[in-house]
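Here's the structure we're looking at; comments come further down.
The values are calculated or read from the model by the stated rules, or taken from the named source; none is laboratory data. In this text, all values refer to a predicted model and were calculated from it rather than measured experimentally. Quick reminder, even Gly has a Cβ in these numbers, built from the backbone with ideal geometry, and neighbours come from all protein chains shown. Just so you know, the surface numbers come from the protein's heavy atoms only, side chains and all, with ligands and any DNA or RNA stripped out. Shrake-Rupley method; radii C 1.70, N 1.55, O 1.52, S 1.80 Å.
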Amino acid sequence: MNDTKKVGRPKKFDRHQAVEDAIGVFWTKGYDGASMKLLTDAMGINSPSLYAEFGDKAGLYLEAIDHYANDDACEPLVALEREADIKDAVTVFLGAVINYSTSHPSGAKGCFLASCVSTSAGNVKGAANLLQDAIKGTDARIQARFDLEKARGTLPADFPSADQARLLFDLRQGLVFRARAGISDQELRQGITTAVAAVLASAYTAALR
């Protein structure tokens, strides 16, 4: 009789959690540094199970990118869309960026897309397209928020929504880059007021004071 226990796919496999766990490994180790052992240990499965579920390491990586872009990374956008006042909305957006850049459950700093995916986009087929889609999707949602305020009359009709959406996204990237370097949450927050003023700069700025 063979009593050897085989480690494989758990009976109740939580795909969502497994991908979350894989993101933490990719984020901290990078694509090349994320070995199969590190990934399977973090996900609680063995290599055959990983291949069965995701095809291969690259397939898992692409799913991790898609998962992050449509789940974790949208937290600041939800905050932007939820706040009624546009100045408060931009302020909360940047605050949420700092929160997940400095306090992610995995212990990783910065942003998975900026810190990991951008450095490997040219080496993993399909990664660049997902990264570009994530950027375009973020720009579009920020622009839509500004356009809504223009329709309401709280932003002037000539407010350059597309340009300022890209500016807010780029300011976001600056924050996650600084967080990746280990700059503290407190220090990052010191620049929020200036950043908000830059994003909303126009004839509308005077009305915000």
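Numbers below:
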{"item": "14 Å beta-carbon shell around ILE98, net charge (K/R +1, D/E -1)", "result": "+2"}
{"item": "Low-density loop cleavage sites - trypsin sites (Lys or Arg not before Pro) in region 95-163, where at most 14 other Cβ are within 10 Å (DSSP)", "result": "LYS125"}
{"item": "Among SER49, ALA108, VAL78 the positive-end extreme of the charge dipole of the chain (Cβ point charges)", "result": "SER49"}
{"item": "Cα-only Debye scattering, region 15-68: base-10 log of I(q)/I(0) at q = 0.13, 0.19, 0.20, 0.28 Å⁻¹", "result": "-0.23, -0.50, -0.56, -1.22"}
{"item": "Lysine pairs meeting the criterion (Cα under 24 Å, 8 or more apart or interchain), as found in region 32-139", "result": "8"}
{"item": "Spin-label pair ALA144/ASP32, simplified geometry with 7 Å Cα→Cβ offset, distance in nm", "result": "3.8 nm"}
{"item": "Förster-model FRET efficiency, 35 Å R0, ASP185 and THR154, C-beta, rounded to 0.05", "result": "0.70"}
{"item": "Cβ-placed point charges (K, R +1; D, E -1), dipole of the chain about Cα centre in debye, nearest 20", "result": "300 debye"}
{"item": "Taking region 72-208 and dividing mean pair separation by its residue count, relative contact order in percent (alpha carbons under 8 Å, at least six apart)", "result": "31 percent"}
{"item": "All-pairs alpha carbon distance profile, region 79-197, 5 Å steps from 0, percent", "result": "2, 11, 19, 21, 19, 14, 8, 4, 1, 0"}
{"item": "Karplus-derived HN-Hα couplings along region 139-150 (A = 6.51, B = -1.76, C = 1.60, θ = phi - 60°), whole Hz, x at Gly and Pro", "result": "4, 5, 6, 5, 4, 4, 5, 5, 4, 4, 5, 5"}
{"item": "Compactness relative to 2.2 N^0.38 Å, alpha carbon Rg of the chain", "result": "1.20"}
{"item": "Neighbour cut-off at most 13 other Cβ (10 Å), DSSP loop, trypsin sites (Lys or Arg not before Pro), region 12-99", "result": "LYS12"}
{"item": "Nearest-20 debye value, region 15-68 charge dipole, Cβ charges on Lys, Arg, Asp, Glu", "result": "120 debye"}
{"item": "Extreme residue, positive dipole direction of the chain, given options ALA140, ALA157, ILE65 (C-beta unit charges)", "result": "ILE65"}
{"item": "For the chain, with +1 on Lys and Arg beta carbons and -1 on Asp and Glu, the positive-most of GLY95, LEU38, LEU167 along the dipole", "result": "LEU38"}
{"item": "Heavy-atom accessible area ranking, 1.4 Å probe, most first, across THR102, THR193", "result": "THR193, THR102"}
{"item": "Estimated FRET transfer efficiency (ALA201, ASP71; beta-carbon r; R0 22 Å; 0.05)", "result": "0.10"}
